[in-house]
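Colleague: Input: one structure, supplied below.
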Amino acid sequence: MSDLTRLQDEIRARDGDVPAMLPAAAYTSEEVLAWERRHFFAGGWTCLGRLDELLSTATQRAVMVGDVAALLTRPGALSGPGEVRMFANTCRHRAHELLPEGDESARKAITCPYHAWTYDLAGDLIAAPGYRGEPGFEPADYSLVELPVEVWQGWVFGHALHPVGHPEIVPFADHLGDLESLVAPYDVAALRLADRHSYEIAANWKIVAENYHECYHCPLIHPELCQVTPPTSGNNYQLPGAWVGGAMVLRDGMATMSLTGESDGNPIPGVSPTAVEYLHLLPNLLISAHPDYVMTHRLVPLAPDRTWIECSWYLAPSSDGSLPDPAYAVEFWDLTNRQDWAACESVQRGLASPHFAPGPFGPSEDAVERLVSLVSRGYVGQPLHADLRV
């Protein structure tokens, strides 16, 4: 029996049991990760990065959406902001990649480097050397396969498993659910990138997410965090959408999450001055919204036991357009991140033990339980965006 089949059988058999951590194969199996890349990442709505970075001056950029190669384009970028579109990064002639992964181009057309089939930025075939006048050859039959893409709060999200219009695509609005109402006040699209760190850690992407969703570990792992926010504060949300999260409250006298509790940034208008939102839009975007900055973690699984994490800090500019020094936020969270990564890597090593058995979730781990419930539904073919209240 394969790892995936065994995992699916174990999840189906859990009905009525005490909620518990996923079986070890969910964190250690190459087969399970391959399935996740295809179904959760390519088949979900994966965050690919910020629009102003992916297509700031470029008209096209090659990205991976799960295990599917895709090409982002911005047809109107030559004359204005332009609508973002996404296509399979596969030439309709002999399947050569149109652009290598991670590369960008400012060209007005997409030219395959293999046989020079050329497409415009809307995906239409405009040149096929040697095929002019060929009986039965219709360029309109060989347009690039268009894939769904959405821009939300400055982030680009792609779905790469099905072409545009396929009935199995979950609308992005349904995937987002009620998360929009929580994030909208921060107007993240208007904030500016102040700093960014990247990490590569020896742990499964879901371990990182599970750790993010509970502060049961905070008294032992995060003494600095506990100085500015009570680890038992706040509540988790139970709202529709493919996301998990909750809020925590700052201690009296604390302005933000920093080593001193003081802020060197500008308050974000219209948001709570005492709350920090911790929100995870599945599969891979963690949004930590503070009174004066928004921090995100974008997760990219590299192997069952390895994850690349892009951590970004976004601040509100001052009235003169300058950006405050983000060191107060970066210093705090880089320390906290590294404390978390060490714990996550220890969990990953523990999962390799033949003595591991999934442990039960406690009352303060309800957000982790929700995450595991959503992921479990996905493993057995149910949509991630379902409202678990019904």
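The values are calculated or read from the model by the stated rules, or taken from the named source; none is laboratory data. Given the structure is predicted, the values throughout are model-derived calculations rather than measurements. Virtual Cβ from ideal backbone geometry, glycine too; neighbours counted across all protein chains shown.
Colleague: Does residue 291 satisfy being under 23 Å from the mean Cα position of the chain (by Cα), assigned to a loop (DSSP other than H, G, I, E, B) and either buried (at least 23 other Cβ atoms within 10 Å of the Cβ) or in the same structural domain as residue 224 (by TED's automatic domain parsing) (or both)?
Modeller: So residue 291 fits the description; yes.
Colleague: Residue 21 fails exactly one of the following numbered conditions: (1) modelled with pLDDT of 95 or more; (2) within 24 Å of the chain's Cα centre (by Cα). What is the number of that condition?
Modeller: For residue 21, the failing item is (1).
Colleague: Working only within the stretch 39-52, note down all residues that are buried (at least 16 other Cβ atoms within 10 Å of the Cβ) and either modelled with pLDDT under 95 or within 15 Å of residue 304 (Cβ to Cβ) (or both).
Modeller: Across the stretch 39-52, the qualifying residues are 40, 41.
Colleague: Among (1) more than 22 Å from residue 285 (Cα to Cα); (2) surrounded by 18 or more Cβ atoms within 10 Å (Cβ to Cβ); (3) at pLDDT 95 or above, where does residue 94 come up short?
Modeller: For residue 94, the exception is condition (2).
Colleague: Is there any pair linking a residue in the stretch 263-274 that is without any contact (Cβ under 8 Å) to a residue 40 or more places away in the chain to one that is in a loop (DSSP other than H, G, I, E, B), with Cβ under 7 Å and at least six apart or on different chains, and which?
Modeller: Going by the 7 Å Cβ cut-off, the qualifying pairs are 272/291; 273/267; 273/291; 274/250.
Colleague: Exactly one condition in (1) touching a residue at least 40 places away in the same chain (Cβ under 8 Å); (2) within 19 Å of the chain's Cα centre (by Cα) is not met by residue 296; state its number.
Modeller: (1)
Colleague: Only one residue in 283, 267, 231, 324 is in a loop (DSSP other than H, G, I, E, B) and closer than 22 Å to residue 37 by Cβ, so which one is that?
Modeller: Only one candidate passes the filter, namely 283.
Colleague: Given the structure, is residue 130 at pLDDT below 95 and assigned by TED's automatic domain parsing to the domain that holds residue 75?
Modeller: yes
Colleague: Looking at 201, 169, which one is touching a Ser or Thr at 6+ places or on another chain (Cβ under 6 Å) and of a type in the set (A, V, I, L, M)?
Modeller: Result of the check over 201, 169: 201.
Colleague: For the list (1) touching a helix residue (DSSP H, G or I) at 6+ places or on another chain (Cβ under 7 Å); (2) outside any helix (DSSP H, G or I), I need the number of the one condition that residue 144 fails.
Modeller: (1)
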